[in-house]
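Each value in this text was obtained by applying a stated rule to the coordinates, not by laboratory testing. For clarity, every value in this text was computed on a predicted model and none was experimentally measured. All Cβ positions, even for glycine, are placed from backbone atoms using ideal geometry, and neighbour counts span all protein chains on display.
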Amino acid sequence: MKISRVKDEIIVKIPFWQKRWNPYMIKENGEPEDVGRYPTLTGLIIRHRKDGNDYEEIGWAETLDMAYKGKPDQISDFLVMWEGEEQDFIKKCGELKIGYEIHSD
């Protein structure tokens with residue numbers, strides 16, 4: 001990740017892909033075996049529907065590589081929040097070719 005400031009803007013550059021590593025597959029040089037790649041970010045929509053207090057949290061979260069354990073990837077908490085409508089966010093994820101998940105509590 002690269003973070004910089006240009007005048008009154010903070011610029012954050014996040015690589016689209018990350019390498020998958022399997023710590024159980026060690027090469028002769030002691031490094032884990034490279035076993036592919038996965039997207040760094042996942043879109044996340046959380047729909048809160050408890051006690052009549054309905055609202056959504058929308059944004060991008062970090063994708064967590066779980067392939068080395070034979071499990072599907074997981075996602076972190078939000079890294080960047082979206083301040084707009086859900087449908088606009090879904091459209092933006094499509095434009096950026098970033099997958100998204102919808103969760104409800």
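Under a 5 Å amide H to amide H cut-off, with H placed in plane at 1.01 Å, what residues pair with ASN22 once short-range neighbours are removed?
Distant-sequence amide H within range of ASN22: GLU33, VAL35.
Based on DSSP loop calls and a cut-off of at most 16 other Cβ atoms within 10 Å, the longest stretch of the chain free of exposed trypsin sites (Lys or Arg not before Pro) is what?
It works out to 51-96.
Taking neighbour counts of Cβ atoms within 10 Å as a proxy for exposure, in what order, fewest first, do GLU57, GLU62 appear?
Ordered by Cβ neighbours within 10 Å, fewest first: GLU57, GLU62.
Can you list the residues, at least 5 places off or on another chain, whose amide H is less than 5 Å from the amide H of TYR100, using H built in the peptide plane?
It is GLY43, by chain and number.
Taking the alpha-carbon distance from LYS91 and a cut-off under 25 Å, which lysines remain once sequence neighbours fewer than 8 residues away in the same chain are dropped?
LYS13
Compute the signed sum of charges (Lys and Arg +1, Asp and Glu -1) over the other residues within less than 14 Å, Cβ to Cβ, of ASP88.
Residues close to ASP88 contribute a combined charge of -3.
Per DSSP H run of at least 4 residues, take -39500 (n - 2.57); add these up for the chain, divide by its residues and hand me the 222 nm value, nearest 500 deg cm²/dmol.
After summing the helix terms and dividing by residue count, I get -3000 deg cm²/dmol.
Name the residues whose placed amide hydrogens come within less than 5 Å of the amide hydrogen of TRP82, ignoring near sequence neighbours (fewer than 5 apart) on the same chain.
Here the answer is ILE58, GLY59, TRP60, since their amide H atoms fall under 5 Å of that of TRP82.
Starting from the coordinates of the alpha-carbon atoms of the chain, obtain the Kirkwood hydrodynamic radius over all distinct pairs and give the value in Å to one decimal.
So the Kirkwood estimate lands at 15.9 Å.
Evaluate the relative contact order of the chain (contact order divided by residue number), counting alpha-carbon pairs under 8 angstrom at least 6 apart; express in whole percent.
Value for the chain: 23 percent.
Enumerate the calculated ³J(HN,Hα) couplings along the stretch 70-83 in order (Karplus 6.51 cos²θ - 1.76 cosθ + 1.60, θ = phi - 60°), each rounded to whole Hz, writing x wherever the residue is Gly or Pro.
Each residue of the stretch 70-83 in turn: x, 10, x, 4, 10, 10, 7, 6, 4, 9, 9, 8, 9, 9 Hz.
May I ask for the net charge around GLU31, where only other residues with Cβ less than 14 Å from the Cβ of GLU31 are counted and Lys, Arg are +1 while Asp, Glu are -1?
Within the 14 Å Cβ shell, the charges total 0.
For the residues SER104, SER76, what sequence is obtained by ranking on other C-beta atoms within 10 Å, fewest first?
Starting with the residue having the fewest Cβ neighbours, the order is SER104, SER76.
In debye to the nearest 20, how big a dipole does the chain give about its Cα centre with +1 on each Lys and Arg Cβ and -1 on each Asp and Glu Cβ?
Dipole of the chain, to the nearest 20 debye: 440 debye.
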